[in-house]
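Following: one structure in structure tokens, then a few remarks.
The values are calculated or read from the model by the stated rules, or taken from the named source; none is laboratory data. In this text the structure is predicted, and so the values were computed from the model without any measurement. For neighbour counting, all protein chains shown are included, and Cβ atoms are generated from backbone atoms with ideal geometry for every residue, glycine included. Just the protein is used for accessible areas: all its heavy atoms, side chains included, with ligands, DNA and RNA removed. Shrake-Rupley method; radii C 1.70, N 1.55, O 1.52, S 1.80 Å.
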Amino acid sequence: MHISDGVLSSVVIGIGWAVALPALAISVRRLQTTQAGTYGVVAAAFFAGSTIHVPVGPFSMHLVLSGIAGLLLGWGALTVITVGLLLQALFIGFGGLIVLGVNVSVMALPGAIMGVLGRHWIKKVSPKRRPWVGSFVGGGTIVVSAILLYTTLSTTSTALMPLAKLVFLGHIPIALVEGVISFWLVHFLQKVKPSMLGV
């Protein structure tokens, strides 16, 4: 799902930064020092999950975990995922620095928004339904990110539309897997530490 430097037009890159910077400013202001340990664990999980690639046709897919990060951290997930994206670009060549704003807008922002909405939703439903909310957030975030990725690539050039379609379809299995992971994570956390879900 990472977009590399040299692929997108300057207009799309500019829009990505225009969206990412204000959202990141809001996220940074809402960080809490008492959750520093949780931020670190989620950042490490995001970084590690993105390094495990599974070949799917001409591409290699990987877990994104942005929806799960959003469920655990709310708006703080935006900052945590941004740090993860920056480290991936610097150390292992996933994505790029110039397009970091776009990658943040495509991957981190949907996770934070869906996570915030999911945390509110979880508070209003019964414990039996909470894992299903988690599943919807985990899988739904990947679908939203895949749609944004498709839009970003196809807006840059019509020649990229076939590639954009393949990338979108390739993320459907990822969405299903992350939906299952999110289901069991919420199921587990509401028994052992419901405060992590805001309950």
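Computed extension gain for residue 158 through residue 97, at 0.36 nm per residue and net of the alpha carbon distance, reaches 19.6 nm. Computed over segment 1-153, the alpha-carbon pair-distance distribution with 5 angstrom bins reads 2, 10, 19, 23, 22, 14, 7, 3, 1, 0, each value a whole percent. Each residue of segment 76-89 was assigned a 3J(HN,Hα) from its phi angle through the Karplus curve 6.51 cos²θ - 1.76 cosθ + 1.60 (θ = phi - 60°); the sequence is x, 4, 4, 5, 4, 5, 4, 4, x, 5, 5, 5, 5, 5 Hz, with glycine and proline shown as x.
Straight-line reach only, C-alpha to C-alpha below 20 angstrom: list the lysines that residue 128 could link to, leaving out same-chain residues fewer than 8 apart. In chain and number order, the partners are 191, 193.
Using only alpha-carbon positions in segment 1-46, the gyration tensor eigenvalues give semi-axes of 28, 16, 5 Å once each is multiplied by 5 and square-rooted (largest first).
Given the peptides 78-86, 166-174, arrange them by the average over their residues of other C-beta atoms within 10 Å, most packed first.
78-86, 166-174
Counting only other residues whose beta carbon sits under 14 Å from that of residue 74, what net charge do I get with K and R as +1, D and E as -1? Charge balance near residue 74 sits at +4. Per residue, the chain exposes 48 Å² of accessible surface when a 1.4 Å probe is rolled over the protein heavy atoms with every protein chain present.
Tally up the carbon and sulfur contribution to the accessible surface of segment 20-165 as a whole percent, 1.4 Å probe, everything protein left in place. List each step's numbers first, then the result.
Working: 4800 of 6700 Å².
Exposed carbon and sulfur together represent 72 percent of the surface.
Semi-axes of the equivalent ellipsoid of segment 130-199 are 33, 11, 6 Å, computed as sqrt(5λ) over the eigenvalues of the C-alpha gyration tensor in descending order.
Projecting the Cα atoms of 95, 139, 168 onto the charge dipole of segment 60-199 (Cβ charges, centred on the Cα centre) puts 139 farthest toward the positive pole. What translational diffusion coefficient, to the nearest whole µm²/s, does segment 49-137 have by Stokes-Einstein, given a Kirkwood radius computed over alpha-carbon pairs, a temperature of 10 °C and 1.306 mPa s viscosity? Using the Kirkwood radius from Cα pairs, D works out to 114 µm²/s.
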